[in-house]
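I have placed the structure first, in the form of C-alpha cells, so that the comments after it can refer back to it.
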Amino acid sequence: MEPADILRLACGLFFLPHLVLKFVFLSDTVAFFRRAGFRYPKPTIYLDATVEIVVAAMLIGKIYVAYAACVAATHLLVAAGAAWRANGHTWRWNRGGPDYPIFWAIMCLLVAKSSWP
C-alpha cells in the first residue's frame with residue numbers, strides 16, 4: 001500500500017467516528033450549530049452528515065478521489081469556521097478550536113493533489 005493510499009484511507013475513515021458522535025450527542029450538536037449561527041441547525045446537521053457519508057465512502061472506496069478530497073477539505077474548512085465562531089476565538093482543538101479540522105483539510109488537499117486526474 002502506498003503512503004498516499006494510507007493518507008486517503010485515514011482522511012475517509014476519520015469521518016466515521018465524527019459522524020457517529022454527531023448523532024450520539026445530538027442535543028450538543030444542535031447547540032453547537034446554533035452557537036455557530038446556523039439558522040436551522042437540525043436540517044444543517046443532516047446535510048452535514050450526508051456530505052460526510054458521501055465523501056467518506058468516496059475516499060475509502062477510491063471513487064473520484066480528487067473531487068471527494070476537495071469537497072471534504074471545503075467541508076472541513078467550513079467546520080473550522082463554525083468552531084471558531086461557536087467556541088470563541090480559541091485555536092486548540094481541546095478548547096473547541098479549529099486547528100484539527102484545518103489540519104484534516106490540509107491532509108485532504110494533499111490527497112486531492114496526489115490523485116488529481
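The values are calculated or read from the model by the stated rules, or taken from the named source; none is laboratory data. For clarity, every value in this text was computed on a predicted model and none was experimentally measured. Positions of Cβ are backbone-derived with ideal geometry, glycine not excepted, and every protein chain shown enters the neighbour counts.
Structure values in brief
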quantity: Pairs, first within 22 Å of Ala69 (Cβ to Cβ) in region 5-29, second exposed (fewer than 12 other Cβ atoms within 10 Å of the Cβ) and of a type in the set (A, V, I, L, M), C-beta under 8 Å, six or more apart; calculated: none
quantity: Test: residue in region 57-77 that is in a helix (DSSP H, G or I), touching a residue at least 60 places away in the same chain (Cβ under 8 Å) and under 25 Å from Leu7 (Cβ atoms); calculated: yes
quantity: Pairs with Cβ under 8 Å, 6+ apart, first in region 82-99 and within 16 Å of Ala31 (Cβ to Cβ), second basic (Lys, Arg) and modelled with pLDDT of 90 or more; calculated: Arg85/Arg35; Ala86/Arg35; Asn87/Arg35
quantity: Residues being surrounded by 13 or more Cβ atoms within 10 Å (Cβ to Cβ) and of a type in the set (Asp, Glu) - total across region 1-26; calculated: 1
quantity: Complete set of residues in region 87-106 that are hydrophobic (A, V, I, L, M, F, W, C), surrounded by fewer than 18 Cβ atoms within 10 Å (Cβ to Cβ) and in a helix (DSSP H, G or I); calculated: Trp93, Phe103, Ile106
quantity: Thr29 being β-branched (Val, Ile, Thr), surrounded by 14 or more Cβ atoms within 10 Å (Cβ to Cβ) and either modelled with pLDDT of 95 or more or assigned to a helix (DSSP H, G or I) (or both); calculated: yes
